[in-house]
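What follows is a single structure, written as structure tokens, with notes after it.
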Amino acid sequence: MSFFAENWVLILVAFVSGAMLVWPLVNRSGGAIGTAEAVRLINREKGVLVDVSEPKEYAEGHAAGARNVPFGQLEGSRDLPSNKALPVVLLCPSGARAGRAAGLLRKAGYEKAVAVAGGTAAWREASLPVEKGAAGKAVAA
């Protein structure tokens, strides 16, 4: 018992550092998925691919077939599926904005809104199809 009393600070530091290591695994809550899972959702569950990049970023390169709904215009957008039970797979260049967008959409009732971890960069790394050009004017990249 005296060991714990004399070393309570070290024990506390060990506990906190362990909790910090485990937190990312516990806090996933459906927020980010890999590219393979994204493709599965799109192909098998009729998931809708939405790129939340700004129009200029979208034109520089986006996942083939992705709808462009800039993050700032997400709320109330008519480009989102009306069926909120469908999976909504979100992308942006790095994945950070898409993660925030997934959280917003889940709060708005899109229970299966998820972001692709790593964003468009991860999409390219997985050798998945990428297009260039503005919405409606895509050119294969």
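Filtering region 55-66 for residues that are more than 21 Å from PRO129 (Cβ to Cβ) and of a type in the set (Lys, Arg) leaves an empty set. Count of region 34-72 residues, restricted to those that are assigned to a strand (DSSP E or B) and either without any contact (Cβ under 8 Å) to a residue 60 or more places away in the chain or over 11 Å from LEU91 (Cβ atoms) (or both), is 3. For LYS56, are the conditions met, namely being surrounded by fewer than 19 Cβ atoms within 10 Å (Cβ to Cβ), in contact with a strand residue (DSSP E or B) (Cβ under 7 Å, 6 or more places away or on another chain), of a type outside the set (A, V, I, L, M) and more than 20 Å from ALA32 (Cβ to Cβ)? Taking the combined requirement at face value, the residue does not satisfy it.
For region 35-66, give me each residue that is of a type in the set (Lys, Arg) and within 19 Å of ALA122 (Cβ to Cβ).
Start the filter on region 35-66 by keeping residues that are of a type in the set (Lys, Arg), which leaves 40, 44, 46, 56.
The answer is ARG40, and nothing else.
Determine whether PRO93 is within 11 Å of the chain's Cα centre (by Cα), closer than 23 Å to ALA134 by Cβ and of a type outside the set (A, V, I, L, M, F, W, C). Taking the combined requirement at face value, the residue satisfies it. Checking each residue in region 111-136 for being assigned to a loop (DSSP other than H, G, I, E, B), closer than 17 Å to ASN68 by Cα and in contact (Cβ under 8 Å) with a residue 12 or more places away in the chain picks out PRO129, GLY133, ALA134, ALA135.
Taken together, the values in this text are just the output of simple stated rules run on the coordinates, not laboratory data. Computed from a prediction, not measured in an experiment: that's the story for all the values here. Because the Cβ atoms are built from the backbone with ideal geometry, glycine has one as well, and the counts that use them run over all protein chains shown.
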